[in-house]
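Worksheet: the structure to be examined is printed underneath.
Every read-out reported here was derived from the displayed coordinates using simple, explicitly stated rules and does not represent laboratory data. All values reported here derive from a predicted model rather than from experimental measurement. In this analysis, Cβ positions are derived from the backbone assuming ideal geometry, glycine residues included, and neighbour counts consider all displayed protein chains.
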Amino acid sequence: MYEKHYNIDYLAETLKLLSGVKEKSYAFFKNTPDGGTIVDLGCGSGQDVLNMSRMFNNDKLQFIGIDHDPEMIAAGNNAIQEETNVKFLVSNVLEIPLADNSVDGVRMERLVQHLSDPLTLFKETQRILKDKGVIVIVESDWNSLSFYNGDSNTTAKLNHYLTGKKVNNGKAAQSLSTYLMESGCSQISIEVFPFVLKRYEDACKYLWIDKMIDEMHALDMIGADERNHFIESQRRADQSGYFSCSMNIVVVSAVK
Ligand SMILES: C[S@@+](CC[C@H](N)C(=O)[O-])C[C@H]1O[C@@H](n2cnc3c(N)ncnc32)[C@H](O)[C@@H]1O
């Protein structure tokens with residue numbers, strides 16, 4: 001029932017869709033001094049680590065990707081081409097295997113939403129960051145998921161399911177500035193990017209809406225009639241050319 005809300009193929013699909021937001025998040029590290037290290041926590045299959053190493057094209061910087069899933073890290077290692085300044089580590093981000101004050105930048109994307117104990121993560125990032133080190137977080141705001149097809153009651157239940165049950169820390173996006181402030185960061189900035197889908201099949205592909213609705217039905221959060229009505233109204237909107245669904249992605253940055 002509680003199937004993970006992502007896998008390696010899913011990350012590859014969202015890589016294309018979120019490329020603009022990702023590039024904005026990389027740009028915060030452009031002034032990293034020579035000899036510096038940038039770490040991507042919860043790096044998944046490592047594409048952001050490799051993108052950053054290729055974008056900065058500076059062999060004086062080190063890039064480290066960390067994820068607790070050995071399959072993700074194996075995919076990252078397989079994707080390394082000529083980069084000698086990239087390495088991937090299997091580890092829990094709540095116990096990062098790096099020394100105190102050793103890194104210049106920490107990036108994390110769609111990680112905090114999975115953690116039931118996010119404050120431990122922020123203590124760890126403060127521990128490994130050097131003074132004035134930069135932290136950048138990209139998160140999906142599941143609470144902002146909206147459909148514009150007149151089915152707002154079911155959408156409210158879907159938001160409730162995603163933020164309260166399905167995703168461990170489903171309201172993470174709206175709490176990031178608090179986590180950063182409480183862990184002692186300064187210069188916090190927040191940018192919000194609406195992510196809009198115009199086809200129902202894309203909402204199923206990128207947000208797994210059909211699976212979520214089925215899970216809610218299996219959990220008796222909605223009956224069969226409501227489930228069918230929701231799907232039919234999305235399909236009707238799609239066939240008539242007015243399907244619209246949106247969700248906000250937030251990019252938050254701060255300095256230690
Ligand atoms: C939705 S994926 C995002 C992957 C990548 N950041 C991206 O944007 O493509 C979340 C990743 O966080 C990792 N993760 C979740 N909890 C973790 C933890 N406690 N320690 C290390 N990695 C974790 C998962 O294995 C997964 O690869």
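For the stretch 14-62, a Kirkwood radius taken over Cα pairs fed into Stokes-Einstein (37 °C, viscosity 0.692 mPa s) yields D = 289 µm²/s. Its relative contact order, with pairs defined as Cα atoms under 8 Å and 6+ residues apart, puts the chain at 20 percent. Computed about the Cα centre, the dipole magnitude for the chain is approximately 520 debye when only Lys and Arg (+1) and Asp and Glu (-1) carry charge, each at its Cβ. Per-residue ellipticity at 222 nm computed for the chain from its helices equals -11500 deg cm²/dmol, with DSSP H segments shorter than 4 residues left out and the rest contributing -39,500 (n - 2.57). For the pair residue 219 and residue 130, the difference between a 0.36 nm per residue extended length and the Cα-Cα distance amounts to 27.4 nm.
Around the amide H of residue 148, modelled in the peptide plane, lie the amide H atoms of 244, all under 5 Å away and 5 or more residues distant in sequence or on another chain.
Along the chain, counting only GluC sites (Glu not before Pro) with a DSSP assignment other than H, G, I, E or B and at most 13 other Cβ atoms inside a 10 Å radius, the longest segment between sites is 96-256. At q = 0.11, 0.12, 0.18 Å⁻¹ the log10 of I(q)/I(0) for the stretch 8-255 amounts to -0.62, -0.72, -1.35, computed by Debye summation with a single uniform scatterer per C-alpha, solvent ignored. Distance between the C-alpha centres of the stretch 157-229 and the stretch 14-85: 25 Å, rounded to the whole angstrom. Shape index of the stretch 78-129: Rg/Rh, with Rg the Cα radius of gyration and Rh the Kirkwood radius from the inverse mean 1/r over Cα pairs, equals 1.00. For residue 36, the residues whose modelled amide H falls within less than 5 Å of its own, excluding neighbours fewer than 5 places apart on the same chain, are 62.
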